[in-house]
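Undergrad: A single structure is presented below for examination.
The values are calculated or read from the model by the stated rules, or taken from the named source; none is laboratory data. Source: prediction; values computed, not measured. Using ideal geometry, Cβ is built from the backbone for each residue, glycine included, and neighbour counts are taken over all protein chains shown. Surface areas here come from the heavy atoms of the whole protein model, side chains and all, with no ligands, DNA or RNA. Shrake-Rupley method; radii C 1.70, N 1.55, O 1.52, S 1.80 Å.
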Amino acid sequence: MTVRTRFAPSPTGLLHVGGIRTALFSWLYAKHNNGQFILRIEDTDRERSTDDAKNVILDGINWLNLDYDEGPYFQTDRFERYSEIIQELLRSGNAYYCYCTKEELDVMREDALRQGKKPKYNGFWRDRDATPPTNIKPVVRFKTPLDGNVVINDFVQGKVIFQNTELDDLIIARSDGTPTYNLTVVVDDMDMEITDVIRGDDHLNNTPRQVNIFNALGVSEPNYAHIPMILGIDGKKLSKRDEASSILKYRDDGYLPEALLNYLVRLGWSKGDQEIFSIDEMISEFDLQSVNKSATTINPKKLLWLNQHYIKNSDNEKLIFMLNSFFDDMNILTDTGPDLSDLVSVQKERIETVKDLAEQSVFFYKDFKKYDEKMSKKYLKPALLKPFRVLYDEFDNDACWDNETIKSILNKLAEKFDIKIGKLAQPLRVAITGKNISPSIYDTVRLLGREKTLKRLSNAIKFIESLGVS
Ligand code: GLU
């Protein structure tokens, strides 16, 4: 039988790392087993579903290249099918109309609590022949078996047993006829021939209800794997502050898809001590047995480390493609600065994200308005005037413009003025970049080019002169 998994997010909140990790595990499981991966958008909660959230799901999945073989299916397109199944369950005696009012349900709940019982629907309309009230639109409830149990052999949680007496007759259609989550999931998993459901363990309690519905429909349920939650840095549920904002934020922050996927696969799954997994390795190594049972905590530093690793090992072409979109947003015209491949080769050795790469390269293209105040105070001192003037002439005179020439000019200058090269390099860096952080001084000068270097050096000389000491 072909393995078929699905990712079935509800577009009621923005898809975040937790959701994408579920998608990744489902995708990997399908790929590992030469199976198929299906995308299904569970958008039946029309009030809480938003287009924004839908787009984040589609764009996020697309950005991360988690290609799906079928879908996206939208549950809102399938209401007729759900009604059909609800009617079938009513006809076969596995479901019934319930006319209880909200007030009656409240009383029921209070009575149960008073008797020290779990508050649940008491089955009032379950086998009742009474003439139904005409002024009430009924809900449809599923007839949960009155005894016995549901055994789930979960791939991650192991054997989990639920007593049917713990479950009540759940509502499968609201009074306006719309189906509820547990019903739609079963109908879809059945119709889409899903063999393995991989989802968050917050759904574990829904599983016995779904299994009972499968049984009532005479269809065998899929296998289940309930994966544990991802926790925020504070050990609590993910909050917007940590990683619970849209997955696309990672794209906008300059992360590489493969770095994020590598990071996510290791959140709750391991293979010995191995940290770096190519997509192919993930596919060949992934198994549900090695998924942790307990929750995992996010680790943003590790993600940065992985991103740096993938950036370092990326083709320049690919990085340039990403970099260009950051530059576009920053209105940077790339023909006003260094060759992009040259720039990327230098920068990729030292930055952690492509956004950093863009932000830390702006000075190559655009003149800065003023020096970093602290740095100019610290480095642009009168003692530099003379060396800078000589340097200006040297840079102006020499025909070559490569690292070797620049290095030898700076070395000679340091010798001439009897200062350490470092004492020269940092002020020069501030003079030509405005700040104290950039690639090696030789790369910085070379990439900046003779014309800009001279212009900025001249500005720095004027700046130091304006301090009033010659
Ligand atoms: N739509 C559900 C959610 O977003 C997931 C349902 C499932 O995977 O069965 O939490």
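Undergrad: Which order do peptides 250-258, 265-273 fall in by mean Cβ count within 10 Å, highest first?
TA: Sorting 250-258, 265-273 by mean packing, highest first, produces 250-258, 265-273.
Undergrad: Subtract the Cα-Cα distance of residue 290 and residue 1 from 0.36 nm times their separation in residues, and report this length gain in nm to one decimal.
TA: 101.7 nm
Undergrad: Let me make sure I get this right: for the range 85-225, a, b and c are the square roots of the gyration tensor eigenvalues over alpha carbons, sorted descending. Under 1.5 in a/c it's rounded, otherwise prolate if a/b > b/c, else oblate. Which is it?
TA: Because a/c hits 1.5 or more and a/b fails to exceed b/c, the range 85-225 counts as oblate.
Undergrad: For the peptides 166-176, 9-19, what is the packing order when you average, over each peptide's residues, the other Cβ atoms within 10 Å and list the highest mean first?
TA: Ranking, from highest mean packing down: 9-19, 166-176.
Undergrad: Something else: For residue 227, list long-range residues whose amide hydrogen, built 1.01 Å from N in the peptide plane, is under 5 Å from its own amide hydrogen.
TA: The list, which skips near neighbours in sequence, is 199, 200, 201.
Undergrad: Further, regarding this structure: If the chain between residue 328 and residue 234 were fully stretched, how many nm would it gain, using 0.36 nm times the residue separation less the Cα-Cα distance?
TA: Gain on stretching residue 328 to residue 234: 30.2 nm.
Undergrad: Right, here's the next one. Treating only the Cβ of Lys, Arg, Asp and Glu as charged (+1, +1, -1, -1), what charge dipole size does the chain show about its Cα centre? Round to the nearest 20 debye.
TA: Dipole size: approximately 2120 debye.
Undergrad: Ignoring ligands, DNA and RNA, please state the percent of accessible area on the chain from carbon and sulfur, probe 1.4 Å.
TA: 47
Undergrad: First measure r as the distance between the Cβ atoms of residue 274 and residue 69, then evaluate 1/(1 + (r/R0)^6) with R0 = 30 Å and state the FRET efficiency to the nearest 0.05.
TA: The value I calculate is 0.60.
Undergrad: How big is the charge dipole of the range 313-421 about its Cα centre, in debye rounded to the nearest 20, if each Lys and Arg gets +1 on its Cβ and each Asp and Glu gets -1 on its Cβ?
TA: 840
Undergrad: Rounded to the nearest 0.05, what FRET efficiency is calculated for residue 110 and residue 359 with R0 set to 51 Å and r the Cβ-Cβ distance?
TA: The computed FRET efficiency comes out at 0.30.
Undergrad: Considering only 11, 382, 23, whose Cα is most displaced toward the positive end of the charge dipole of the chain, charges sitting on Cβ of Lys, Arg (+1) and Asp, Glu (-1)?
TA: The listed residue farthest towards the positive side: 382.
Undergrad: For residue 4, list long-range residues whose amide hydrogen, built 1.01 Å from N in the peptide plane, is under 5 Å from its own amide hydrogen.
TA: 36, 195, 196
Undergrad: If you don't mind, another one. If you restrict to DSSP beta bridges whose two residues both lie in the chain, what percentage is antiparallel, to the nearest 5?
TA: That works out to approximately 50 percent antiparallel.
Undergrad: Is there a quick way to get the dipole size of the range 259-356? I mean about its Cα centre, with the Cβ of Lys and Arg at +1 and of Asp and Glu at -1; what is the value in debye to the nearest 20?
TA: 560
Undergrad: By its C-alpha gyration tensor, with a ≥ b ≥ c as the square roots of the eigenvalues, how is the range 1-151 shaped: rounded for a/c under 1.5, else prolate for a/b larger than b/c, else oblate?
TA: Taking the square roots of the gyration eigenvalues as a ≥ b ≥ c, the range 1-151 is prolate.
Undergrad: Identify all lysines with a Cα-Cα distance to residue 143 below 27 Å; exclude those on the same chain that are fewer than 8 residues away in sequence.
TA: Candidates past the 8-residue exclusion: 102, 117, 118, 120, 159.
Undergrad: Relative contact order, percent, of the chain when contacts are C-alpha pairs under 8 Å separated by at least 6 residues?
TA: Reported relative contact order: 13 percent.
Undergrad: I've got another one for you. Is the range 420-470 best put as rounded, prolate or oblate by its Cα gyration tensor, with a ≥ b ≥ c the root eigenvalues, rounded for a/c under 1.5, and otherwise prolate when a/b is larger than b/c, oblate when not?
TA: Cα axes put the range 420-470 in the oblate bin.
Undergrad: Moving on. Could you provide, to the nearest whole Å², the per residue accessible area of the range 139-283 with probe 1.4 Å?
TA: I get 39 Å² per residue for the range 139-283.
Undergrad: Please list 436-443, 416-423 highest first by mean number of surrounding beta-carbon atoms within 10 Å per residue.
TA: Answer by packing, highest mean first, reads 436-443, 416-423.
Undergrad: Which net charge results for the neighbourhood of residue 89, defined as the other residues with beta-carbon distances under 11 angstrom from its beta-carbon, given Lys and Arg at +1 and Asp and Glu at -1?
TA: +1
Undergrad: Can you check what the net charge comes to around residue 421, using other residues whose Cβ is under 14 Å from the Cβ of residue 421 (Lys, Arg +1; Asp, Glu -1)?
TA: +4
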